[in-house]
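The values are calculated or read from the model by the stated rules, or taken from the named source; none is laboratory data. Since the model is a prediction, treat every value here as computed from it, not as a measurement. Cβ coordinates were reconstructed from backbone atoms using ideal geometry, including for glycine residues, and neighbour counts include every protein chain displayed. To get the accessible areas, we keep the full protein, side chains included, count just its heavy atoms, and leave off ligands, DNA and RNA. Shrake-Rupley method; radii C 1.70, N 1.55, O 1.52, S 1.80 Å.
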Amino acid sequence: MAPTAEPSRRAPDSPLGLDAPVRLRTKDLLSIGDLSPDEILLILDTAEAMKEVGTRSIKKVPALRGHTVVNLFFEPSTRTRTSFEIAEKRLSADTVNVAASGSSVSKGETLADTLRNLEAMSPDMIVLRHASAGAGHLAARLCGACIINAGDGMHEHPTQALVDAFTIRERKGGLAGLRVSIIGDLLHSRVFRSNLRLLRVLGAQVCACGPATLMLPDMERLGVRATTSVDDAVAGADVIMLLRVQLERMRGHFFPSRREYFQRFGMTMARLRRAAPDAVVMHPGPMNRGVEIASEVADGSRSVILEQVANGVAVRMAVLYLLAGSRRGAAPGGPALDGGSGWDRAGE
Amino acid sequence: MSERTTILRGGRVVDPASGRDGVADVLIRDGRVVRVGPGLEVESEAAVIDVPGGCVVCPGFVDMHAHLREPGAEHKETVATGAAAAVAGGFTAVACMPDTEPANDEAGVTGLILARAAEAGLARVYPIGAVTRGRAGRQLAAIGELRDAGCVAVSDAGRPVADAILMRRALEYAAMCGMPVIDHCEETALTVDGVAHEGGAAALLGLRGMPAAAEEIHAGRDVALSGLTGAPVHLAHVSARGTLRVVRSGKARGVPVTCEVTPHHLTLTDERLAEYDTNCKMNPPLRGAADVEALVDGLADGTIDCVATDHAPRHVDEKLAEFDRAAFGVVGLETAVSVCLDRLVHAGHVSLSRLVGLLSANPARILGVEGGALTEGAPADITVLAPDLPVTVDARGFRSLARNTPFDGWSLRGGVAATMVGGRTVYVNASVRGADAFGLASGRAAAGGADAAAGGDPRAGAPTRV
Ligand SMILES: [Zn+2]
């Protein structure tokens, strides 16, 4: 099978809905910028097939059998780490979790040494979360293993943006022309930076809203409408994506109090009424209830927050699967996706 | 002392201090320039060096901003390796910052640096003393004692003198001692945790920003204090457009303010951060294209007085790290001349003569040291340029112990053919055809001994330390 970056077209007779192309050109996924528009669509299409795996009674395929995946998390994370781990297990990968607190990191080892030591054990993939922007770039330079950025400081969190796009597409059928308003702590958000790139590639109209102190410079140049008025941002929006106020990353004073933040920027039922009638509300989590989002909104009928979490597993399965295909690029057909029960893809 | 006479024959001599730009011979005796002019006659025993075709004879370049790391961090650089890097880069003199361990805030440290420089016997080394004890910003260092020991300026190197009243008194006291204060302009409240220029590139990369205004604000204070006291202030590594406006308006009303700019700030922008290359991390940070343009304009219009490297050697481990944890700084001694020739002169932004002035006469004048001119009686500190030499930067070949350059692998036009200090050849570039002729002047005796060549006696009245 020739490698290709063409988006897959669903073959009706394929049980997984997957056509042949099963690889990405990039070795690592550090930023949404590493992916072409076609590759993004390939990931989203593949994730649909992966989602189906999650509905089976035995939620496991042997696609990554024999692959070793290290989840290297230097920042605490429940959702993302669990999501990756479940995705890896459903693909039959051998997974190892390394958390910063239980490792040599607490003994003062440098990131470079930690990575070189892991690399010496020949893992196939490293899923990396780190507090420093660009940590994945350093890892990619030092390691032959495929690096998946699971959040690097304030830089990017590409799989989360893919999850968000998948969720929007599932709900809305597509992203082109959709009005997506992202509201909250833009400055400190890696989810925002990944979404900024991804949503624009997929043709959404992006509006960014937050306090002036938490804005990025030059947003108009990035093709984003910026506003400090939440009512303006919500008006007519098809998707409202709220960002967590990252108090732990804030040095100094960005706004007077959480109370005032909620009054000016918090998403309430009253504000939500200005959005499109079928607007959905998203949040990458973890939420600060009563700061960026009212509980009635978070738990209300417009909220797709738990769908995002559910889709997280499928999208990460797709990313792991396709990157494994790019790593084993020469292998015909990429990694096996069949359950070993009659889905013989040999010869493709 | 030898009476040896050397003549550099037939080269183009560019000496902005005397306004000379044309083919001339340079006659050297006992380490000093005796005469410059076309078709000089010499006694038969003189060593005759035919300047290779296309080469340009210039007054020795003076780098007024380098970090040589000794004492305290000799694994990054020593005075000897720094001096070797300097002469290989065409610098006959280098002023070294006091951020050593211990800091150069008392005569003993100054003496040690001068002794190491004399042992090396390569470039002249001019120590810069600390403004405050331990560079801690609280009490004045022994500025008079530092001056007597051989320091040529004071600076808290890498840190601003934050306290305005302390800065005022430092300016007044240093001026009394005949020295400028060199300040690192940074309003640090605005740059806490910053690692990159605050702008579009850092914003998308998720790097905490250091706004250009942080430099401009501090520079504004320094210019005002210099105006108030009449004492000279020199602003290190200016990187921002706004800072130039402050300097320009200060100069226009007669304030004794001078400033320098680095080759990296003149040629690179924050777009270079895209891959989180820690060799592009320095303070002040690489700024936007508009700032770079303004700096280049500032060179041409005279707002900027000199080009200095801010040579900051780092061990590989300090750079092989997360971007926000990696050390600031880049090396520059061995790339500055090629980068400036290629990107400034050949690109048509400044004339060769202007560049030579920025690298020689101006820094020598600001520091109050000999050199910077090829006139009768001047020390025979000479940089010979090969302006059209194709050069490929290879960090592995540096004489510096450090490799942290953002220019590795760059192909540039223009380099150094040879370097002479006190009439003695201390560097010959083997890849310049005919440059081996400078080997005729490589004997130590010709320069009147290592001391004269190595800055043991950099200025009148300073004790020679060996
Ligand atoms: Zn410096």
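Residue-level check: of (1) away from chain B (no Cβ under 11 Å); (2) open to solvent by less than 10 Å² (accessible area, probe 1.4 Å), A:R171 misses just (2). If B:I182 meets every condition in (1) over 25 Å from B:A85 (Cα atoms); (2) within 16 Å of the ligand (Cβ to nearest atom); (3) β-branched (V, I, T) apart from one, which number is that one? Condition (1) is where B:I182 drops out.
Condition check: crowded, with 22+ Cβ neighbours inside 10 Å and within 14 Å of chain B (Cβ to nearest Cβ). Does A:L115 satisfy that? Considered against the rule, which asks whether it is crowded, with 22+ Cβ neighbours inside 10 Å and within 14 Å of chain B (Cβ to nearest Cβ), A:L115 comes out as yes. Looking across segment B:241-265, the residues that are away from the ligand (no atom under 16 Å from the Cβ) and either of a type in the set (D, E, K, R) or open to solvent by less than 10 Å² (accessible area, probe 1.4 Å) (or both) come down to B:R241, B:G242, B:L244, B:R245, B:V247, B:R248, B:G250, B:K251, B:R253, B:V257.
Would you check which residues across segment B:158-175 are at pLDDT 95 or above and within 16 Å of the ligand (Cβ to nearest atom) and list them? Within segment B:158-175, B:R159, B:P160, B:V161 qualify. Taking segment A:195-222 as the range and being more than 24 Å from A:E260 (Cβ to Cβ) and open to solvent by less than 40 Å² (accessible area, probe 1.4 Å) as the test, the residues that pass are A:N195, A:L196, A:L198, A:L199, A:L202, A:G203, A:A204, A:V206, A:L222.
When the strands (runs of 3 or more DSSP E) confined to segment A:106-190 are screened for residues that are in the same structural domain as A:I40 (by TED's automatic domain parsing) and not aromatic (F, W, Y), those reaching at least 1 such residues are found at A:125-130, A:146-152.
Within segment B:94-190, which strands (runs of 3 or more DSSP E) (wholly inside it) include 3 or more residues that are touching a residue at least 60 places away in the same chain (Cβ under 8 Å) and in the same structural domain as B:E77 (by TED's automatic domain parsing)? Answer list for segment B:94-190: B:124-129. Candidates B:G72, B:G53: the one that is within 16 Å of the ligand (Cβ to nearest atom), part of a loop (DSSP other than H, G, I, E, B) and either open to solvent by 10 Å² or more (accessible area, probe 1.4 Å) or within 14 Å of chain A (Cβ to nearest Cβ) (or both) is B:G72. Scan segment B:297-312 for residues that are in a loop (DSSP other than H, G, I, E, B) and either touching a residue at least 60 places away in the same chain (Cβ under 8 Å) or touching a Pro at 6+ places or on another chain (Cβ under 9 Å) (or both) and the total you get is 6. Only one of the numbered conditions (1) within 23 Å of the chain's Cα centre (by Cα); (2) more than 14 Å from the ligand (Cβ to nearest atom); (3) surrounded by 24 or more Cβ atoms within 10 Å (Cβ to Cβ) is not met by B:A141, and that is (1). Checking segment A:65-76 against the condition returns a match, with at least one residue being within 14 Å of chain B (Cβ to nearest Cβ), of a type outside the set (D, E, K, R) and in a loop (DSSP other than H, G, I, E, B). The single residue among B:R399, B:R403, B:R413 that is under 17 Å from the mean Cα position of the chain (by Cα), open to solvent by 50 Å² or more (accessible area, probe 1.4 Å) and in the same structural domain as B:P52 (by TED's automatic domain parsing) turns out to be B:R399.
Taking the criterion of being among the hydrophobic types (A, V, I, L, M, F, W, C) and crowded, with 20+ Cβ neighbours inside 10 Å, the residues of segment B:2-27 that qualify are B:I7, B:L8, B:V13, B:V14, B:A24, B:V26, B:L27. In segment B:32-50, what residues are in contact with a Ser or Thr (Cβ under 9 Å, 6 or more places away or on another chain) and surrounded by 15 or more Cβ atoms within 10 Å (Cβ to Cβ)? Those that are in contact with a Ser or Thr (Cβ under 9 Å, 6 or more places away or on another chain) and surrounded by 15 or more Cβ atoms within 10 Å (Cβ to Cβ): B:V33, B:V34, B:V36, B:V42, B:A46, B:A47, B:V48, B:I49.
For B:A219, the conditions (1) closer than 23 Å to B:M64 by Cβ; (2) more than 16 Å from the ligand (Cβ to nearest atom); (3) more than 14 Å from chain A (Cβ to nearest Cβ) are fulfilled apart from (2).
Here B:R343 fits the description: over 30 Å from A:D113 (Cβ atoms) and touching a strand residue (DSSP E or B) at 6+ places or on another chain (Cβ under 9 Å). Apart from one condition, B:A294 fits all of (1) assigned to a helix (DSSP H, G or I); (2) more than 14 Å from chain A (Cβ to nearest Cβ); (3) under 30 Å from A:G33 (Cα atoms); the exception is (3). Comparison of B:A231, B:A224, B:A213 shows that the only residue that is farther than 30 Å from A:V224 by Cβ, open to solvent by 30 Å² or more (accessible area, probe 1.4 Å) and either of a type in the set (F, W, Y) or at pLDDT 95 or above (or both) is B:A224.
Note on segment B:89-117: among residues that are surrounded by fewer than 23 Cβ atoms within 10 Å (Cβ to Cβ), more than 15 Å from the ligand (Cβ to nearest atom) and of a type in the set (A, V, I, L, M), the one that is nearest to B:E145 (Cα to Cα) is B:A107.
When restricted to residues that are touching a Pro at 6+ places or on another chain (Cβ under 7 Å) and either within 11 Å of the ligand (Cβ to nearest atom) or of a type in the set (K, R) (or both), segment B:313-333 contains 2.
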